[in-house]
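Encoded as structure tokens, the structure appears first; notes follow it.
Coordinate-derived values only; no laboratory data. This one's a predicted model, so the numbers in the text were calculated from it and none came from an experiment. Don't worry about glycine lacking a Cβ; one is built from the backbone with ideal geometry, like all the others, and counts go over all protein chains shown.
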Amino acid sequence: MDEENGPFHDTLVVGSQVNIEVESLNRRVDEICVEVDELEQKLNGVEQFYSASNTKQSNTPRGNSIVKEKDREKSLGNFKKRQQDAANREAAAAKRMQELMRQLGTIIRQITQHKWAGPFMQPVDVVGLGLHDYYQVIEKPMDFSTIKSKMEAKDGTGYKNVRELSADVRLIFKNAIKYNEERDDVHVMAKTLLDKFETKWLLLLPKVDEEEKRLKEEEADLQLDIQFAQEAAHAKMARQLCFKLDKIDMHLEELRDTVLQKCRKISTEEKKRLGSAIARLSPEDINKALEIIAQNDPNFQAIGETVEVDIDTQSELTLWKLKLFVKDKLQTQPKSSPSTGVKNEIKNENNPNGNNKRKREICCALAKNTSQKKSKKLPD
């Protein structure tokens, strides 16, 4: 017989085809595993975000929570408009702060034009005046020329607000008051100019307080917008994850069915062992086993307190699904927890001496069994 056309050649062809199919299935499983890993990382990020959000909400008083929820509904309604207005608000705030800085600059010019301002216009000449202990007493020297340079800075090192500027003006005079004795002229001059500055500052202070309050409210609104944007992004991601997980679950089910359809037929002895194994399951797992049967047999009904299952009439696909399910459950089930109190009978025509029926309590309506463990390992 020609080997190229004989049984040996046919066996090689069949074996090669099987190997190709197995490799294809393994590649598909690997692709799904990679996709699941990616989805798991995204899911962890979503869980962390909502966990942190729940922690913040749990620390919020109940009354405030109601107000926050109302604010949330209101803000979500005009969220896009608020985003568009954010840049305008920021520009307006910067303009208002510039006006306050200008007004404070006017006050500073009035102080520096005073006849006693001379000693405070430039840094203290520590070496020339022989003030050897000056830096031991004064931690941060300050003068009006330094303030002017900082006000004119364009590299981001300038004053951010009027309170920073006013603090440096005070520092000039407080340093002089601290270092010089009370009877010294510089001490008296510094104290006099400081009093004049504080008097003028009090006239500007209401505008400063109003602006700071306004900035604080706008900052709170901005943070709320950011939070809503994050929630919207994570909600969208969660919906996408659910869709992708459902799709993966469907692909796994299809892949599982493909694999099971190519499995060998289950023997009579295996059917006997399967029937006995199902009887050892917990009541909950027995219900799941019945769901698997109903899933693959439209004519099967698990209604009432007694259910009759004929193992021999089940399809090979159903039998393999049951076998894998039972194997997994019995491996994880404690040895001391058989289906006590639940009487289910799996009928097998090869076991005529067994009872044909067992009673079980119907705990829930039949639903698609999506909680079965998906395994990369192919069945034997």
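Residue separation times 0.36 nm, minus the C-alpha to C-alpha distance between ASP225 and LYS178: what's the value?
12.2 nm
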Label-point separation, LYS272 to GLN331 (7 Å along Cα→Cβ), nm: 2.5
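Quote the FRET efficiency, to the nearest 0.05, computed for ASN26 versus GLU308 with a Förster distance R0 of 56 Å and r equal to the Cβ-Cβ distance.
On the way: r = 39 Å, r/R0 = 0.70.
Working from the Cβ atoms, E equals 0.90.
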Using a Förster distance of 45 Å, the FRET efficiency for CYS242-GLU198 (Cβ separation, nearest 0.05): 0.10
Theoretical gain in end-to-end length, VAL188 to GLU139 [0.36 nm per residue, Cα-Cα removed]: 15.5 nm
Distance violations [Cα-Cα > 29 Å] among LYS42/LYS327; LYS150/LYS178; LYS95/LYS236: LYS42/LYS327; LYS95/LYS236
R0 of 51 Å, Cβ-Cβ distance LEU131-GLU212: FRET efficiency to nearest 0.05: 0.85
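Rank the residues ARG27, ARG89 as a footprinting-exposure proxy: fewest other Cβ atoms within 10 Å of their Cβ go first. The partial results should precede the final answer.
Working: ARG27 10, ARG89 15.
With the sparsest Cβ surroundings first, the list reads ARG27, ARG89.
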GLN113 versus GLU253: modelled label distance in nm, points set 7 Å from Cα along the beta carbon direction: 8.5
